[in-house]
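The next block holds one structure in the form of structure tokens; read it before the comments.
Readers should treat all values here as calculations from the given coordinates under stated rules, not as data from a laboratory. Since we're looking at a predicted model, the values are computed, not measured. Cβ coordinates were reconstructed from backbone atoms using ideal geometry, including for glycine residues, and neighbour counts include every protein chain displayed.
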There are 2 protein chains.
Amino acid sequence: MTSFRSLEPLIRPGSIAVIGASDEPTRIGGRPIAYMKEQGFRGAIYPVNPRRAMVQGLPAFPDVAALPAAPDVGLIAVPGEAALQAVEELGRRGCKGIIMFTAGFAEVDEAGAGRQRELAATVRRYGMRLLGPNCLGLFNASIGFYPIFSSSFETGWPLPGRIGIASQSGAYGTHVYSAARNRGLGTPICVTTGNEADVTLGEVLGWMAEAEEVEVICAYAEGIRDGASFLAALDLARRNRKPVVMMKVGRSALGGEAARSHTASIAGDDRVTDAVLREFGVWRARSTEEALDIAYAATKRIYPAANTLGMLTVSGGAGVLVSDAAEALGLPMPPMPEAAQARLKALIPFCAPRNPVDCTAQTFNQPDLIGEFAESLAREGGYQSILGFFTQAGGSLTMGPHIRTQMARVRQAFPDRLWCMSVIAAPEVVRAYEADGFLVFEDPTRAVVALYAMGYFGRAFAAGPPTTVPLPEVTLPEATPHEAEAKRILAAAGIPTVPERICRDAEAAVQAAEALGYPVVLKILSPDILHKSEIGGVLLDLADASAVRAGYAELLERARRCTPAARIEGVLVAKQLRGATELAFGILRDPVFGPVAMVGLGGIFIEVLQDVVFRRCPFDAAEAERMIRSLRGFPLLDGARGRPRADLGALARALSALSAFAVAAGPRLLSVDVNPVLALPEGCWAADAVLELAPRPLVGSEREG
Amino acid sequence: MTSFRSLEPLIRPGSIAVIGASDEPTRIGGRPIAYMKEQGFRGAIYPVNPRRAMVQGLPAFPDVAALPAAPDVGLIAVPGEAALQAVEELGRRGCKGIIMFTAGFAEVDEAGAGRQRELAATVRRYGMRLLGPNCLGLFNASIGFYPIFSSSFETGWPLPGRIGIASQSGAYGTHVYSAARNRGLGTPICVTTGNEADVTLGEVLGWMAEAEEVEVICAYAEGIRDGASFLAALDLARRNRKPVVMMKVGRSALGGEAARSHTASIAGDDRVTDAVLREFGVWRARSTEEALDIAYAATKRIYPAANTLGMLTVSGGAGVLVSDAAEALGLPMPPMPEAAQARLKALIPFCAPRNPVDCTAQTFNQPDLIGEFAESLAREGGYQSILGFFTQAGGSLTMGPHIRTQMARVRQAFPDRLWCMSVIAAPEVVRAYEADGFLVFEDPTRAVVALYAMGYFGRAFAAGPPTTVPLPEVTLPEATPHEAEAKRILAAAGIPTVPERICRDAEAAVQAAEALGYPVVLKILSPDILHKSEIGGVLLDLADASAVRAGYAELLERARRCTPAARIEGVLVAKQLRGATELAFGILRDPVFGPVAMVGLGGIFIEVLQDVVFRRCPFDAAEAERMIRSLRGFPLLDGARGRPRADLGALARALSALSAFAVAAGPRLLSVDVNPVLALPEGCWAADAVLELAPRPLVGSEREG
């Protein structure tokens, strides 16, 4: 497993040199020093400024060479050439990490990208790690370390807590920090990565997945630059049961455009990103508010894999609303046991005891009943998540204290549950409920999403890392193979293919047809004709020897007419399978995440409805089955419209085998298109396949020869 | 048009009698009096209490008969029989309206439903209007009228403003009020309707659509009881340019269940409700928070039909996020003009001037540039909605005042635009921005939804009421007709049908086939066999006379074998149309909204993918075309996969004609299923149709005979 320790000097250093240190505490080179002084950074601070002996009360140094010791971190707050030079000097002095505010690199133009490559090379040469360039810096409140030029701390310092923020965007990272602080959430660490010439967001996530200061990770990304570290980080976070909430933006055409001009990020294929995040149980948030709702709920560290929601409400209307929201998400709200319902009904005849449990405003006259009802939900209902909806009554001067006392008593008796209150109350009242151990959301719909997310994390943690998938031995040919060869290669990797034979003359074709059994399909076979159907190179439903003989002649004639230069290797005779449902399997190579498998039902499902599912390779048959089941068109494989049920096990095994093949084949495999895959009640077969290969790189001896 | 004036005495009365008046200001019969005294209700208050001479300092009366005058409104705060008796007495005295807190009616059981019917009859007999029973009451802050027993006012009274709240649920209605108040929104009027034995939510909406106190309507519904008044209210609100934001809950199975036990509401077919709300430009909110976001934005009363979004941001990350959100909703963010981009680039070289316009933190050193950039967005960009993202800087002590000054100056110069700020700031700073005329949302994603909604309203207001659709003359047969008759009826109403003939013997069938041209389809014709294909009663692709002859015999044989008792009227010979794309048209009768049309592509699109669109009847061809275009499978009609383009005009005309037919046919028409409708490049034809009719009610003379 990747270790993310090399980021230690950047985030937990013992000393820092500030290149471009300013005496003015609001200047870019002044803020970090002012912040660190105010927050009591425990390490040494070396201001570097050739024009001053003292900076903000600290002795300053004219240049890097004059520093009394090699700093752990060099913070670069000077522009242009001076910045590059400082990095070089810091490297020479034995500095371990660079944090670089300086902008004007890859985000600007090609020349800037060149300077950025140079910068990265310098850093590598000295074995340093680099955060940025074009980043806002970071803070680690636990040691008073503030190499950051945000103005966010004007209105307050980070609160105690365990939410880590990792963001490619600096301004947005501190926006998340400020929004979190504004609602009382503790974020001890925030790291912004900017252009990521060296340290990537994935590495920061990995560091947080290991760091004890962080229990919940809140991330913002415009594009993932390094798949390997990103995947390793998500894997580590899952193993360590640390939920990751991610805003991955740039999903739209417009957003992707904006991302490019912002941190020079390539947003990537959003369907692939989405699949990767789902694979690791990352919650993909659509807004900052949602991200913080979920991070907030996650601070309870209760992640029920078998989540259920029980609701206690004083408003039947809120009960209906929450039922809708829970069902839309897939958060079960099973009914209370019959006996419990009868008991509650005896307590308050007009109550609705099923779930949502409407205890009605009657409880305002008998506050004890609130506790009684809540306890029944916890004990008899056994719900993992319990939402109490008390709206303004929860914050009222007369009812509020009663509600608080009753609910707190029951919560204490069932501390393993996720307890959540939906109340409208003054901030100090909300804080009091929180001090009692409750999550508080004014809006019940937001509460439902957050509670649902805890189960989502719980299932991901319970599932653990996927089973390893054995990889087949694969030897790829020199060049892109023709259909029959492609299928032979796939068959060897465990993907069943339609029985077929290569025939070099009409009589061989007839013999093959007799052996396979009629009806048969005839296809022209040529490495130069990849799209056979376009030239009429496929004949279906040939029912006897004479049809096969005539068909053979016809195919050759068509090939000669349409593509006179094509090398014809003969004709492929294949058994025609009837009554099949058609699917398509595919492999594409994502530039960040490597081979990705795709599955969809054939025809309109893929072309018109884009009803396809993606998954990073490899994966086992159980995962393949989940993919197939999640297709909108899945009912067609499951007996809809009077069709026979397809052999789902065979399909899943074939798809999993294809995913293993894609990994084993290595980077020369550019894409695979298995279309159609014919699904029958027993078995499934690839009827056509295209393998696209990169040319084999010349090895030494060939090059010399 | 319906008038909603009859609700006046309930909402704007001159006097009120409180039946069950309590001296205790926190009791159910005490709160209304305490509230009205405190808020200075301008009318007379008559406490009715047989055991006290004075109630809360007001002279009390032993019973209704003893009142000095007939009150405009009687408020019933006593349980059981006494409540019904009080209503009777109030009616006798000439009271005009009843507000009834009393519960235990239709929401409980069948006996309760009986009592409720009785209550409604009493009220009708005296020409009164009734709010409730089982309601929380209402308030009209503009006249200090508070016949309501909520505890919501403990923490504050309604703020000045123009948002009206209409809610079936009492507790949820006051939750919306409290949530609104908590964020500074003014809601002068809130009406809760409870069981709706008489006054429905629709009527309350209609009253608000006319009332000058209300400019924006925020509604909560579990089930719509009276389609006519609801539709009239929505129509009126649209004509009066008053946006309606509605939470219609009970969309899920679980939620529908909860609604029934709450206000005895039937949630209804959610797809129909959804279509009705869309038809009238009502915004359907998924959460209270979203509803209030949109009501808040609507208080600006700026509804740009051609909405565009320009964004000024200090965070490129926020720009990407907002671009994603805007594109997902369909809110255009066109780029700034080239010349403007060049000018901004000259001002700040590192800025991103396209849109989102990232003015970068550079502007914090030159605050004037903020104004310059904002003005460029308004003047040169010409955006209708302008979002400024300044995060914590907007609330900071150093930058905040500069940002406010700059932005306020530009907003004043362009007061016709929707100006919105996304800042993290203390409540008083937020109020200051609002006082300058800005909408303020901390979360930029929520801002985008609210701004988009203003354009949604704008388009609805601009479109105005739909064009009237001429209705055909329709004479329905006595009983459900057979296929040929059904198609004849539809053809008469303007829906083209496949050329076909009824044949009573094989030779007639051959003649018909020769006349229509081969190939033909043969179908068994019997009023007793509605599902022909189940008994093999349809033969396709008959290519010559002998096939038709054999087919005729075969069909009769099959019918005799499978349904010996069926009356066979012969065989239908129809021209077989090849190469068509199949659709299905349908009509269903919604118990609330009457005939509703449905359209979908045939086969899997309807059965597996539920890819169907609903619309209340009647509607014109333009609307029918919009419906067809909104199908997920629409590309199949538009040339996808090499198919010929279907005749969209013909399809739209046929669907519109069907919708007019459904209305003209009246309530005896229970359903229509036209399936398939064959769409060709020129024209479309109904190939099969089932009309389901209710039996004709006997008229007087028939009954006697």
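So what is the 222 nm mean residue ellipticity for chain A from helices alone, if each DSSP H run of at least 4 adds -39500 (n - 2.57) and you divide by all residues, rounding to the nearest 500 deg cm²/dmol? When only DSSP H runs of four or more count, the value is -11500 deg cm²/dmol. Footprinting exposure proxy ranking of B:HIS175, B:HIS482, A:HIS402, fewest other C-beta atoms within 10 angstrom first, gives A:HIS402, B:HIS482, B:HIS175.
Selection among A:VAL199, A:LEU540, B:VAL677 by position relative to the dipole of the protein assembly as shown gives A:VAL199 as farthest towards the positive end (Cβ unit charges, Cα centre).
Contact order, relative form, for chain A: 8 percent (alpha carbon pairs under 8 Å, 6 or more residues apart, mean separation divided by residue count). Mind checking the angle between helix A:338-347 and chain A's longest principal axis? C-alpha axes, 0 to 90 degrees, to the nearest 10. It works out to around 30 degrees.
The HN-Hα couplings worked out from phi for region B:620-634 by the Karplus form 6.51 cos²θ - 1.76 cosθ + 1.60 (θ = phi - 60°) are 8, 5, 5, 5, 4, 5, 4, 4, 5, 5, 7, 5, 4, x, 3 Hz, whole numbers, x standing for Gly and Pro. Sorted fewest first by neighbouring Cβ atoms within 10 angstrom, B:VAL672, B:VAL410, B:VAL538 come out as B:VAL538, B:VAL410, B:VAL672.
For chain B, the share of DSSP beta bridges that are antiparallel, to the nearest 5, is 50%. Applying 1/(1 + (r/R0)^6) with r as the Cβ-Cβ distance of A:LEU329 and B:GLU380 and R0 = 41 angstrom yields a FRET efficiency of 0.40. Quick check: from the Cα gyration tensor, does the protein assembly as shown come out rounded (a/c under 1.5), prolate or oblate? Cα axes put the protein assembly as shown in the oblate bin. If you wrap region A:309-463 in the convex hull of its Cα atoms and look at it from every side, the mean projected area works out to 8.5 nm².
Extending 7 Å from Cα along the Cβ direction at B:ARG488 and again at B:TYR126 yields two label points whose distance is 5.8 nm. The charge dipole of region A:581-693, taken about its Cα centre with unit charges on the Cβ atoms of Lys, Arg (+1), Asp and Glu (-1) only, comes to about 220 debye. Spin-label model, A:ASN365 to A:ARG431: label points 7 Å out along the Cα-to-beta-carbon direction sit 3.7 nm apart. Taking the Cα centre of region A:309-463 as reference, the dipole from Cβ charges on Lys and Arg (+1) and Asp and Glu (-1) amounts to some 180 debye. Annotation: the antiparallel percentage among DSSP beta bridges lying fully within the protein assembly as shown is about 50.
Per-residue extension of 0.36 nm, minus the Cα-Cα distance of B:LEU670 and B:ARG641, leaves a gain of 6.7 nm for this segment. Separation of region A:437-477 and region A:586-659, taken as the distance between their Cα centroids, equals 20 angstrom. Near the amide H of B:PHE61, within less than 5 Å, lie the amide hydrogens of B:VAL48, B:ASN49, all on another chain or at least 5 residues away, with H placed in the peptide plane. How tilted is helix B:506-516 with respect to the longest principal axis of chain B? Cα atoms for both, answer in degrees (0 to 90, nearest 10). Once rounded, one gets 60 degrees. Computed from the C-beta positions of B:THR26 and B:THR468, the FRET efficiency with R₀ = 56 Å rounds to 0.55. A simple charge model with +1 on the Cβ of Lys and Arg, -1 on the Cβ of Asp and Glu and nothing else charged puts the dipole of chain A at about 1040 debye relative to its Cα centre.
Note on the protein assembly as shown: dipole from Cβ charges, positive end direction compared against B:HIS402, B:PHE105, B:PRO334; the farthest Cα belongs to B:HIS402. For A:LYS300, go through the lysines and keep the ones whose alpha-carbon is under 29 Å away, minus same-chain ones fewer than eight residues off. The qualifying lysines are A:LYS242, A:LYS248.
Quick one: compute the contact order of region A:499-575, relative version, from alpha carbon pairs under 8 angstrom and 6+ residues apart, as a percent. Once divided by the residue count of region A:499-575, the mean separation gives 50 percent.
Across chain B, where is the longest run that never hits GluC sites (Glu not before Pro) in a DSSP loop with at most 15 other C-beta atoms within 10 Å? The segment B:213-472 is the longest one with no such site. Only one residue of A:LEU555, A:GLY517, A:ILE529 has its Cα farthest out toward the positive end of the dipole of region A:499-575, where Lys and Arg carry +1 and Asp and Glu -1 on Cβ, and that residue is A:ILE529. A point 7 Å from Cα along Cα→Cβ stands in for B:GLU118, and the other copies hold the same point at 9.5 nm, listed in rising order. Between A:ARG626 and A:ARG42, the modelled label-to-label distance comes to 4.1 nm, taking each label 7 Å out from Cα in the direction of the beta carbon. Rounded, prolate or oblate: which fits chain B when a ≥ b ≥ c are the square roots of the eigenvalues of the alpha-carbon gyration tensor, with rounded for a/c under 1.5 and prolate only if a/b beats b/c? Oblate, because a/c is 1.5 or more while a/b does not exceed b/c. If you plug the beta carbon distance of B:ALA111 and B:ALA566 into 1/(1 + (r/R0)^6) with R0 = 45 Å, you get a FRET efficiency near 0.45.
Its relative contact order, with pairs defined as Cα atoms under 8 Å and 6+ residues apart, puts region B:136-285 at 20 percent.
Report, in degrees rounded to the nearest 10, the 0 to 90 angle that the Cα long axis of helix A:444-463 makes with the longest principal axis of chain A. For A:444-463 against chain A, the angle is about 60 degrees.
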